[in-house]
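We did not get these values from a lab; they are worked out from the coordinates using the rules stated. Since we're looking at a predicted model, the values are computed, not measured. Cβ: placed from backbone, ideal geometry, glycine included. Neighbour counts: every protein chain shown.
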Amino acid sequence: MSEFEREWNANKADAGAYDDDVLGELLRCGARAIQAAAGLKVDGLAGPATIEIIEGILNKTTAAPGKHDAKKPQFSQPIPRRAAVESFYGSFDYKEHPDTPGAIIIEREWVRQNIVGLTLHTGKKVWVHRLVAHELGELFEKACKITGYTPKSVASWVPRHMRWDSKRNLSRHSWGIAFDIDPRLNGVDMKDTPLHRHPEWAQVFRDAGWTCGMDWKNYPDPMHFERVAR
């Protein structure tokens, strides 16, 4: 695609010239084409891996702003336990994705009201729940500066069931209150990871009341952090 074509399409989207269904279909078709060319799983979902490939194609680099861009909330936000996730962060209607097992499609109005873009101090942009954006930005920056470990991959809002298994409960990623970092380096059951070598990174989040997946006994998941009390 030429620069002119990208700009033309972007301007049409900004102007609201495409209905939601049309824009969704354009994104689906584009995501499938990118995934097929890159050797990814072809599911038509423009998730973190697909976006990363697109940014590479565009040779897109973002200057690190040195500070995250989330606004500090007027009131402090308590950290709920698992049973109170819906009452605190909100409940939503959803339907199962017809083609991708474990993925869900959340009602648009809830997404518009609660999911926001957060640009981290590194320049990396992630999509998270509005109630966790500022705290996540602050803690992420603190953890990176204390340890010297700055994750290259950060993904948060991914509407799905736990472990992409539709028989399980919804993942906290569905609310945008969980995030994963460098999954290829900090994978499930991995022992010698950057997070193991920099234990202070996870400790920053523990001290703030977050749950760290590397502490789970039955399913140690070093990459995973969630704003839910154990």
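Which value at 222 nm does the chain reach when only helices count, each DSSP H run of 4 or more adding -39,500 (n - 2.57), with the total divided by all residues and rounded to the nearest 500 deg cm²/dmol?
-10500 deg cm²/dmol
Expressed in nm to one decimal, what extension gain is obtained for the pair Lys217 and His196 from 0.36 nm per residue of sequence separation less their Cα-Cα distance?
Between Lys217 and His196, full extension yields an extra 6.0 nm.
How large is the dipole of the chain about the Cα centre if only Lys and Arg carry +1 and Asp and Glu carry -1, each at its Cβ, rounded to the nearest 20 debye? All intermediate terms of the calculation are to be shown ahead of the outcome.
Details: 32 positive and 31 negative charges, 153 e Å.
The dipole magnitude comes to about 740 debye.
For Glu107, what charge total do you get from the other residues with a beta carbon under 15 Å from its beta carbon, if Lys and Arg give +1 and Asp and Glu give -1?
-3
If all Cα-Cα distances of the stretch 139-220 are sorted into 5 Å bins from 0 onward, what percent lands in each bin, rounded to whole numbers?
Percent of pairs per bin, in order: 3, 14, 22, 29, 19, 10, 3, 1.
For a quick size check, give me the Cα extents of the stretch 97-156 along its three principal axes, largest first, whole Å.
43, 25, 15
Where Lys and Arg each count +1 and Asp and Glu each count -1, what net charge lies around Pro98 among other residues with Cβ under 13 Å from its Cβ? Each step should come with its number before you reach the end.
Values: positive: Arg28, Lys95; negative: Asp43, Glu96, Asp99.
Net of charged neighbours comes to -1.
Order these by the 10 Å Cβ neighbour count, fewest first: Val128, Val111, Val228.
With the fewest neighbours first, Val128, Val111, Val228 line up as Val111, Val228, Val128.
Which stretch or stretches of the stretch 127-160 have amide N atoms under 19 Å from the point lying 7 Å from Lys72's Cα along the Cα→Cβ direction?
Answer for this model: 130-143.
Connecting C-alpha atoms closer than 10 Å in a GNM of the chain, tell me which of Phe92, Phe140, Phe205 has the biggest fluctuation.
Its mean-square fluctuation being the largest, the pick is Phe92.
How much net charge surrounds Ala143 when only other residues with a Cβ under 11 Å from its Cβ are counted (Lys, Arg +1; Asp, Glu -1)?
Charge balance in the 11 Å sphere: -1.
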